[in-house]
Amino acid sequence: MLAFLRPSCCLLLLALASLSARAETVKLLSVRNEDPQLALSAKRASGAEDVDSLGMHLDLGLGEVGKTRFALNAASQDSAAPRLDTIKVDHKLDLSNSLLMPLPGKLDLGLHLTRQMDRLSAKAWDMGVKPQLKTQFGPLAVKLGMSVERSADAGRELAVGYHWTSSVDLTPRLSLDLTGKGSRKYDRGLVDAGSDTLSPKISGRYRVDRSLAFSYGLGAQVDLNSRETRPDLNLNVELKF
């Protein structure tokens with residue numbers, strides 16, 4: 001998959017990854033901007049354990065029945081050889097013109113099927129439904145979403161999650177974001193304590209030319225249950241070819 005990238009681009013990606021080694025997450029993304037759209041990604045999550053992942057997804061063009069994405073992800077922990085971690089199929093329906101739309105904006109209904117390949121996990125297939133609403137109030141952009149997912153293994157665990165994001169553009173290249181998310185799991189009648197986080201962040205995107213752009217996010221993530229705060233930093237490089 002990485003053969004699609006030019007050698008000079010690969011060197012740029014490696015240099016940026018090394019410069020951002022102290023950031024909690026570094027994500028490098030290359031995109032071909034036609035339909036169907038092919039994207040390759042490399043991501044490193046640094047914490048108690050370093051986890052590297054390589055991914056690929058293919059988007060089929062938007063049609064009358066929606067848009068479909070096929071994705072593969074391979075993971076490597078502590079410099080071990082990468083192995084296939086996840087296979088995922090997403091389908092998105094645009095309901096913006098339906099009677100279900102409560103506000104001006106865009107309403108999507110996502111359906112997905114995920115195969116977890118982790119040998120340490122008992123899960124096999126996960127199925128989920130994800131409605132998402134995007135709307136705008138002047139300079140304030142709001143995104144609201146939820147998810148209902150169920151595993152197809154013997155446990156048949158049910159997970160319900162929510163997320164919301166509000167963003168205000170301070171300048172054409174700088175915005176102030178506030179994000180919240182959480183989840184609850186139900187397994188054989190038992191409900192876990194769940195997790196709820198709040199993340200204030202400053203983000204921006206700079207376009208160098210038609211094929212190269214940089215984006216970043218600087219902020220913190222607050223666990224509303226434990227009151228623990230940790231950095232939330234990311235750097236993205238976008239290459240279009």
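Below, the figures for the structure above:
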quantity: The lone exception for residue 237 - which of (1) in contact with a Leu (Cβ under 6 Å, 6 or more places away or on another chain); (2) within 14 Å of residue 181 (Cβ to Cβ); (3) touching a residue at least 40 places away in the same chain (Cβ under 8 Å) it fails; calculated: (2)
quantity: Of residues in the range 205-218 being among the small types (Gly, Ala, Ser) and within 17 Å of the chain's Cα centre (by Cα), the one farthest from residue 177 (Cα to Cα); calculated: 215
quantity: Unique residue being on the phi > 0 side of the Ramachandran plot, of a type in the set (Lys, Arg) and open to solvent by 30 Å² or more (accessible area, probe 1.4 Å) when the list is 210, 173, 227; calculated: 227
quantity: Counted residues, the range 185-199 - those being surrounded by 14 or more Cβ atoms within 10 Å (Cβ to Cβ) and of a type in the set (Asp, Glu); calculated: 1
quantity: Looking only at the range 116-129, and only at residues there that are in a strand (DSSP E or B), farther than 16 Å from residue 73 by Cα and open to solvent by 40 Å² or more (accessible area, probe 1.4 Å), the one that is modelled with the lowest pLDDT; calculated: 127
quantity: Residue identified as farther than 24 Å from residue 89 by Cα and surrounded by 15 or more Cβ atoms within 10 Å (Cβ to Cβ) among 182, 204; calculated: 204
quantity: Subset of the range 91-115 [free of Cβ contacts under 8 Å to residues at least 12 places away in the same chain and surrounded by 16 or more Cβ atoms within 10 Å (Cβ to Cβ)]; calculated: none
quantity: Leading residue by the ranking (farthest from residue 231 (Cα to Cα)) among those in the range 131-145 that are loosely packed, with under 15 Cβ neighbours inside 10 Å and in contact with a strand residue (DSSP E or B) (Cβ under 8 Å, 6 or more places away or on another chain); calculated: 136
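The values are calculated or read from the model by the stated rules, or taken from the named source; none is laboratory data. Since the model is a prediction, treat every value here as computed from it, not as a measurement. Virtual Cβ from ideal backbone geometry, glycine too; neighbours counted across all protein chains shown. Note: accessible area is taken over every heavy atom of the protein model, side chains too, but ligands, DNA and RNA are not part of it. Shrake-Rupley method; radii C 1.70, N 1.55, O 1.52, S 1.80 Å.
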